[in-house]
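These notes concern the structure reproduced below.
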Amino acid sequence: MPAPFALGALRRFPDVEAPELTAVDAADRLLLYESRAARAAIAHGELVVIGDDYGALTLSAAAEGAQGIRVHQDPLLGERALAHNAAEFGLRDAFTSLPLGPELLRDAHVVLLRLPRALEALDDIAAMIAAHAAPDVSVFAGGRLKHMSLAMNDVLARSFARLDITHARQKSRVLIARAPLADTQARGPRCETYAFPGGPGDADAPTGAAGAAGAAGAASESITVCAYGGVFAGASIDIGTRLLLEHLPAKIDGGAGPAIDFACGTGVVAVWMALRNPELTVWASDQSAVAVASARATAEANGVAERVRVVRDDGLSLRESATASFIALNPPFHTGATVHTGLAARLFAEAARVLVPGGELWTVWNSHLPYRGQLERVVGPTRQVARNAKFTVTVSTRASRH
């Protein structure tokens, strides 16, 4: 028998841990309460959990007897935290982690879903459930009231005929979707083509939607951005990334190895480097599954997929030390809805490890954040390249190793 399960004992490790950052909240507890009767009536392998931050939903269900649970978490750190917590409670064999797709959802009768904040992410997930789960599936979708909106009801109604709404409790609520619409199809990436930063045209506005892979215009003039729901900035080029692109060197020498787009998001920077440098190979990494899928779609749409390798990774753990001469980074500074600069500190340390002495880390960051000193200490001498009302671009040169 597994040890008694206590939600309060869950940890976020190996994600950032701090007193203000918790591994479980009231929305998790409400989801478990509202779904208890439905979970009790299903068989082995009929429960799916999506968006479980650190294992509260999966492990509570497992402790109550559920087996064969299929789980999808977008952040790799969430997967690893779930595995760590499961090992602590002797529940590792109760679940399997899978990508968001048919295998995750086939014949599922109950789905527990932490509502994503992005409506496009919810649309993608809901459509995938409706397309592949059992016809009698019940989807329990819960979140904190401050992150919910009436538009979520409309999004779920695109894929389900029935939607019930629970009473709010402890500033949380659960939406229960049933009766998946028979003609629902899984969504593909959303793509837009933009004037190429640094090239002709206005980079602020799309020049038109891009459809199939390879639909981008001439490499010297445009770039196509593809995004699945939930990836940062969607199918657009955010203003921080645009500032970085405007100041990156036109010619990049891979030197010791491929150039790296670290925390790549939709892969805009990786593709920019590949388009401008036809002989260059680029390594793009992100811990988000939806970012990795988006970056691969972006590379394919711009015809550089053979030179841009996109991987899902925590930091740069798949890269050996001192194997890169050039890294570009737009570091995240939110964990969920909480601002926390510890996220960037981990990435700076990883970049310093992977850079060769004399290698460069090009970083764009919100100007109010205290990153300049961290970059100086962790990576090496740092100079400002550009600054506007919101963002700063710096280049840090890896100091000699001792």
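The values are calculated or read from the model by the stated rules, or taken from the named source; none is laboratory data. Here the structure is a predicted model, which means the values were calculated and not measured. In this analysis, Cβ positions are derived from the backbone assuming ideal geometry, glycine residues included, and neighbour counts consider all displayed protein chains. Accessible surface areas use protein heavy atoms only, side chains included; no ligands, DNA or RNA. Shrake-Rupley method; radii C 1.70, N 1.55, O 1.52, S 1.80 Å.
The table below lists the values:
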| read-out | value |
| --- | --- |
| Accessible area (Å², 1.4 Å probe, nearest 10) - residue 276 | 60 |
| Rg followed by Dmax, in Å, when the range 26-122 is reduced to its Cα trace | 12.3, 36 |
| Principal semi-axes in Å for the chain [√(5λ), Cα gyration tensor, largest first] | 38, 25, 18 |
| Residue 264 accessible area, assembled protein chains, probe 1.4 Å, Å² | 10 |
| Of the DSSP H helices in the chain, those whose Cα atoms cover at least 15 Å axially and whose Kyte score averages -0.5 or more | 26-40, 76-89, 119-132, 289-301, 342-354 |
| Cβ-based net charge around residue 376, under 15 Å, with every Lys or Arg adding one and every Asp or Glu removing one | +3 |
| Inverse mean reciprocal Cα-Cα distance (Kirkwood Rh) of the range 246-402, Å | 15.5 |
| Heavy atoms of residue 103: accessible area, 1.4 Å probe, square angstrom to 10 | 120 |
| The chain, dipole about Cα centre (Lys/Arg Cβ +1, Asp/Glu Cβ -1), debye to the nearest 20 | 760 |
| Set of lysines with alpha-carbon distance to residue 146 below 19 Å, sequence-local pairs under 8 removed | 171 |
| Cysteines in the chain that, by Cβ-Cβ distance, have no pairing candidate under 4.7 Å | 264 |
| Overall Cα dimensions of the range 59-182, principal axis frame, Å, largest first | 39, 33, 26 |
| Alpha-carbon Debye profile of the range 157-196, log10 I(q)/I(0) at 0.18, 0.20, 0.31, 0.33 Å⁻¹ | -0.68, -0.73, -1.01, -1.06 |
| Percent of beta bridges antiparallel (DSSP, the chain, rounded to nearest 5) | 55 |
| Under 30 Å from residue 251, Cα to Cα: lysines that are on another chain or at least 8 residues apart | 390 |
